Amino acid sequence: MSATTVTHHFDRLTTFILVLTGATVALGLSLALGAPMPAVAQVAVFAALFALAENQVAVLPNRASASASFMLAMAAIVAFQQDGPALAALMVGLAGGLYWPHIRSGDWRKILFNASNFALSSCAAAVVFSPLVGHTGARASTVLLLASLPAALAFSVVNLVLLAVVVSLATATTFGETLRELRPRFVQILPFALLGVFMGRLYLDYGAIVIPLFVVPILVARQAFASYLALKDSHQATVRILIGALEAKDQYTAGHAERVADYAVMIGREMRFTTPRLERLRFAALMHDVGKLVVPNHLLNKPGKLTAEEFDIVRRHEAVSVEILTRIDFLKPVAPSATSEAHRMSEGADDADRPIEPFIVAVADAYDAMTSTRSYRKALPQEIAFEELRKNAGKQFHPKVVEALIASIERAGARHGAGFEEQPHAFAVEPPTVGTGSAGLGDLADARSAPAPHAEAAP
């Protein structure tokens, strides 16, 4: 991974990069004085291939990047295991700074950081790898392959920590938050570790004649990453089309879906969800109301209470939501989040065995419903929304989810609800100011003149 998206200029960031660069140079000099010097020309070939791999990088949605460059570092570690593997790996990793867009833009901080990051990460992998294969330079495939696993872990840890420090300094986010966002899946780097061992072993057995073969996995990896990103883009496009259809039907409904998705992601981060799980959660939140495409607008924005017949019509959107989502392969896993049954609290202990995502969507949905102005009620103050969520925790809402939402909002210092609404929706009839009211599908019309306030969520 490389810092391809760090753009802000902070003195602390510059200082860190300069110190990191100095430490890398000092380490390189120390290794050069205390260990055998690998053949410079051969190291240069591996470094050139490393730079080529980095220039075939694919930027992932979490702002990290993916390439086959570690394969070259691992191959160099194997190839030079008797001739200063740590120094060879460091020299090869320095080529990670030769990313053409950064060179063309003259962004010296990114160049220095990427060079230092890859150099130190590759050196760490060599330091872990070499003792495991022994001082005799073992070539047994089993030994090399097994040793590559902890070496890959060392590379990942050093690379991730350094990148997280830089991103947190550049974006003013905490180190912990950045670390969770950038956290890579270890299994992603393992194929490159194993392939690097294989390529290094070929180099030991046949010499420089196999170097052209190194280009093939670089290009294959780039194509694989490109295909993965294209698939992700198609998923995003599908969701945008459905949200666009909602917005064309009712601008408020679409805005509601976006806010619910934002709150759901806040909850997921508070509960330490992985990046892939956060992505699925966001899709679930965005799509939970997609069935409202079939609900007449006059019912969605009715100023008064819904009649029993109208209530039944509106409730049908859940079944339509499930039907739509189950017909789209990548959205099928989140279909249950569109039903009220999926997030209904039970009396027994079986809630612990149920997926928590529907409960998250329900709480995020209820919070936005209460802190937004509706056709039947103006936005409630944030404090009342918190009170209602806690009052119904364990009965209507999952207690852990409620506390996760409140904690994340308070930590961020965010304010929602009455007095803090963004671009309030224009209603044909001015909504009344009432108590907590219904934040759900609407109070059914009945003979009661003063119904008790409640916060029934899932609009």
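Look at V165, V320, V25, V401 and count the other Cβ atoms within 10 Å of each Cβ; fewest to most, that gives V25, V320, V165, V401. The H on the amide N of R374, modeled in the peptide plane, is under 5 Å from the matching H of A379, each at least 5 residues off or on a different chain. Here region 11-230 is described by how far its Cα atoms reach on the three principal axes: 48, 43, 32 Å, from widest to narrowest. Under the Karplus relation 6.51 cos²θ - 1.76 cosθ + 1.60, θ = phi - 60°, what is the ordered set of whole-Hz ³J(HN,Hα) values for region 152-163, x standing for Gly and Pro? So the J values, rounded to whole Hz, are 5, 5, 4, 4, 4, 5, 5, 4, 5, 4, 5, 5.
In order along region 167-180, the phi-based Karplus estimate (6.51 cos²θ - 1.76 cosθ + 1.60, θ = phi - 60°) of 3J(HN,Hα) comes to 5, 5, 5, 6, 10, 6, 9, 6, 4, x, 5, 5, 4, 5 Hz; Gly and Pro are listed as x. Couplings 3J(HN,Hα) of region 191-196, computed from phi: x, 6, 5, 5, 5, x Hz, in residue order, whole Hz [Karplus 6.51 cos²θ - 1.76 cosθ + 1.60, θ = phi - 60°; x for Gly and Pro]. Stretching the chain fully between V210 and R411 yields a gain of 66.8 nm (0.36 nm per residue, less the alpha carbon separation). Ordering 41-53, 94-106 by mean Cβ neighbour count within 10 Å, with the highest value first, yields 41-53, 94-106.
Counting neighbouring beta carbons within 10 Å and listing from fewest to most, the residues R316, R374, R272 come out as R272, R316, R374. Here r is the Cβ-Cβ distance between T326 and F175 and R0 is 45 Å; the resulting FRET efficiency, rounded to 0.05, is 0.65.
Each label was represented as a point 7 Å from its Cα along the Cα-to-Cβ direction; for L33 and L146 these points are 3.7 nm apart. Placing unit charges on the Cβ atoms only, positive for Lys and Arg and negative for Asp and Glu, gives region 11-230 a dipole magnitude near 260 debye about its Cα centre.
Just so you know, all these numbers are worked out from the coordinates, no wet-lab data involved. These numbers come from a predicted model, not from an experiment. Methodologically, a virtual Cβ is constructed for each residue, glycine included, from the backbone with ideal geometry; neighbour enumeration extends over all protein chains shown.
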